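Each remark here refers to the structure printed beneath this line.
The values are calculated or read from the model by the stated rules, or taken from the named source; none is laboratory data. Predicted model, so just to flag it, every value in this text is computed and none were measured. Don't worry about glycine lacking a Cβ; one is built from the backbone with ideal geometry, like all the others, and counts go over all protein chains shown. Heads up: the accessible areas ignore ligands, DNA and RNA and are worked out on the full protein's heavy atoms, side chains in. Shrake-Rupley method; radii C 1.70, N 1.55, O 1.52, S 1.80 Å.
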Amino acid sequence: MKLTRLGLGNPVAVVVGVLLAIMFGLISLNRLPIQLTPEVEQPNITITTSWRAAAPEEVESEIIEPQEDVLRGLPGMTEILASAQRGQGSITVTFQVGTDLRRSLLEVLSRLNRVQRYPADANEPTISAIGGNSRAIAWFILKPVAGNDRDVASYQDFVEEVVQTRFERVPGVALSEVRGGRERELRITFDPYKAASLGIELPKVAALAGGAEDTSGGFADVGKRRYTVRFAGQYDAVDLGEMVLDWREGRPVYLRDVAKVEVRMVDRSSFVIQNGRPAMAVNAHRETGVNVLDVMAGLHQAADELREGPLKRAGLSFEQVYDETRYIDRSINMVFNNLLLGVLLAVGVLWWFFRKFRATLMVAIAIPVCVVSTFMLLDAFGRTLNVISLAGLAFAVGMVLDAAIVVLESVVRLRERGMSSAEAADEGTRKVWGALLASTATTVAIFLPIVFLKDESGQLFADLALTIAATVSLSLLVAVTVLPAAAASWLRKIEMHDPHIHWWDNTSDFVMRLTDTPRRRALWIAGLIIIPLSIAVLLKPEADYLPDGNRNLVFAFILPPPGTSVDTLERELGQVVANRMQPYVDGAQEPRVHDYFFVAFGSGVFMGARTEDPSRSGELVPLINRLIGGFPDTIAFAQKSS
């Protein structure tokens, strides 16, 4: 075979090629983003429009329907899903896999500009391409320290300006959200009796207050100078009460005469409870295709800076209660350790049969060369290092050894017949080349088509298929180039013989005795077909999309009765759950809970909890289901995060 002869004639070139493959593979390994699972993309764009105090019916008719009318027929759109709730409407547009989201964003912006008008007090729509199913990779909790009696919800503006802004500057962070706080607003509360007695009409007052703004009036030349003429009509919050509404009997009627003007926090729309105390929560969502470990390292650095800087001066504690990378580290380390264990077991079995160190080493060297070289292809195709791709490498380890074992066995047989090492390497590889090529081609033909699937399953298992196909293909190349060159050199002075030849003879005699009559052969054939099929049917596991993970985190979702106020949620649900959880936080009851958080917002409630002992996290599911159950007209369930 020509490729084998090139390797036999240039052993130094073979060594250099192996070293280069390992070097560039390690460089690619260092460049690969690390994630828990592959990116499963379902391109979508979410449009959110707020309209304070509006009922869902008005949100639907005045906001959702006009937006839906202009968004129909978007290129590549597969689904449009709209929802209207009190004070807010949202539309999620889903596109085909592979759609360029940048072009779609421009198209959505262009079409939204066609909406003729929005209600006067509705906010401009906000557009996000992160997707409604995006999951935060980190959650942080802020609470006042001892001696700080200020309501933690009043820190909303401070947290948005300091914490949220700092998190969104971390490379790889797409979005940061703040929960549990209350913004400040200028509120004017009228006394209807005073306004009526003075003949003040509220619509005119609203128009007057809304038109109080600074206005430029052009330029005026005075002597050698040109001045800008402007009318300073805008009021500060403290001076707004001095606004003149009208005149009565030669005296001005001020706004403060008929209304109370104050800057106060907005009405509550959410709250957060952490370990029984009011708190605020800040999260971080990652961008697509980034290294989660690098992003989390940046978040930790930002959190340390905030904790020792502005938050310390503000009297706030800052604690991370959820870190996705801990589970990623454990999962990837487990798969990596299993991969190493599989390699060691494979090498051990090889040595047991060969009983020659050099022969074993020749086969074993194919494993790191093929596995490390596969990282170059993963990097070239823009893939990530995750449990799926590592599992593919673990599966491929045995396949990598197949080709090398076949070639080595062929070479050894010719050496035992007295052929020289170089001739045995060339002739032995040539004899099995066709069978190896057919075997490799069938394996690649099975797995490679998965790479080209565009649906969710294709995106999830493409890394598995790519790693197996690449590793097996590389193993064929190593078996017909590297291994013959190594055999020609390392087996030159070794006397080859099979130490287990008596095993094979005895095994063959035993099998022949078991199948020496037609009746026995028929029974063996029937048994080997029926028994495995019966075992497969009896032990068939339940069908599921993905297996449950072993993450030390339990999430609970609670759907309260429609229209329930936030104050009622806190009083009748939040505080009750907090009181029920407290014995487990204090350690008075088992399993001991390390921490938990309870977040309520307009459309529902979610809760998360972790145990002190990660091995007992499964006990939290029935416990939390029992603690959050029994509330009237409420749907609640807990499940382990995976």
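Figure legend. Inter-residue proximity from region 613-637: first residues within 12 Å of GLU590 (Cα to Cα), second residues hydroxyl-bearing (Ser, Thr, Tyr) and surrounded by 15 or more Cβ atoms within 10 Å (Cβ to Cβ), beta-carbon distance below 8 Å, spacing 6+ or different chains. Indicated pairs: SER617/THR611; GLU619/THR611; LEU620/THR611; LEU623/TYR584.
Considering every residue within region 401-413, establish whether at least one is farther than 19 Å from GLY434 by Cβ and either among the hydroxyl-bearing types (Ser, Thr, Tyr) or surrounded by 23 or more Cβ atoms within 10 Å (Cβ to Cβ) (or both). Yes: one or more hits. Based on what the data block shows, is VAL229 more than 25 Å from ASP121 (Cα to Cα) and of a type in the set (A, V, I, L, M, F, W, C)? Yes: the conditions hold for VAL229. Any idea which of (1) part of a helix (DSSP H, G or I); (2) under 22 Å from TYR322 (Cα atoms); (3) among the hydroxyl-bearing types (Ser, Thr, Tyr); (4) modelled with pLDDT of 85 or more is the one THR568 doesn't satisfy? In the conditions (1) part of a helix (DSSP H, G or I); (2) under 22 Å from TYR322 (Cα atoms); (3) among the hydroxyl-bearing types (Ser, Thr, Tyr); (4) modelled with pLDDT of 85 or more, THR568 misses (2) alone. For region 550-572, taking the residues that are out of contact with any Pro (no Cβ under 9 Å at 6 or more places or on another chain), open to solvent by less than 40 Å² (accessible area, probe 1.4 Å) and hydrophobic (A, V, I, L, M, F, W, C), the one that is nearest to MET334 (Cα to Cα) is identified as LEU553.
Selection of region 42-76 for residues being closer than 16 Å to SER128 by Cα, touching a Ser or Thr at 6+ places or on another chain (Cβ under 8 Å) and hydrophobic (A, V, I, L, M, F, W, C) yields ILE45, ILE47. Go over the candidates PRO38, PRO33 one by one and state the one that is within 11 Å of LEU385 (Cα to Cα), in contact with a Gly (Cβ under 8 Å, 6 or more places away or on another chain) and not basic (Lys, Arg). Only one candidate passes the filter, namely PRO33. Only helices (runs of 4 or more DSSP H) whose full extent lies in region 160-220 are considered here, and the ones with at least 1 residues that are aliphatic (A, V, I, L, M) are 192-197, 202-210.
Here GLY241, GLY223, GLY233, GLY199 are screened, and the one residue that is in contact with a strand residue (DSSP E or B) (Cβ under 9 Å, 6 or more places away or on another chain), over 30 Å from VAL266 (Cβ atoms) and not basic (Lys, Arg) is GLY199.
With respect to the conditions (1) within 28 Å of VAL40 (Cβ to Cβ); (2) outside any loop (DSSP other than H, G, I, E, B); (3) in contact with an Asp or Glu (Cβ under 7 Å, 6 or more places away or on another chain), ALA84 lacks only one, and its number is (1).
If you filter region 231-281 down to residues that are without any contact (Cβ under 8 Å) to a residue 24 or more places away in the chain and of a type in the set (Lys, Arg), you find that the one that is nearest to VAL576 (Cα to Cα) is ARG256.
Selection of strands (runs of 3 or more DSSP E) fully inside region 588-642 by the criterion of at least 2 residues being β-branched (Val, Ile, Thr) and open to solvent by less than 60 Å² (accessible area, probe 1.4 Å) returns 593-601, 604-611.
Checking every residue in region 248-271 against the condition of being modelled with pLDDT under 85 and loosely packed, with under 11 Cβ neighbours inside 10 Å gives at least one match. Each residue in region 88-125 was checked for being surrounded by fewer than 16 Cβ atoms within 10 Å (Cβ to Cβ) and not aliphatic (A, V, I, L, M), and 14 of them qualify.
For region 152-202, which residues satisfy the criterion of being acidic (Asp, Glu), more than 24 Å from GLY604 (Cβ to Cβ) and at pLDDT 85 or above? Give the steps one after another, and end with the answer.
Taking region 152-202 and keeping what is acidic (Asp, Glu), we get 157, 160-161, 168, 177, 183, 185, 191, 201.
Filter once more, keeping what is more than 24 Å from GLY604 (Cβ to Cβ): 157, 161, 168, 185, 191, 201.
Selection gives ASP157, GLU161, GLU168, ASP191.
Summed over region 276-293, the residues that are open to solvent by less than 50 Å² (accessible area, probe 1.4 Å) and under 21 Å from GLN156 (Cβ atoms) give a count of 7.
Scanning region 15-71 for residues that are open to solvent by less than 50 Å² (accessible area, probe 1.4 Å), polar (S, T, N, Q) and out of contact with any Phe, Trp or Tyr (no Cβ under 7 Å at 6 or more places or on another chain) yields GLN35, THR46, THR48, THR49, SER50, GLN67.
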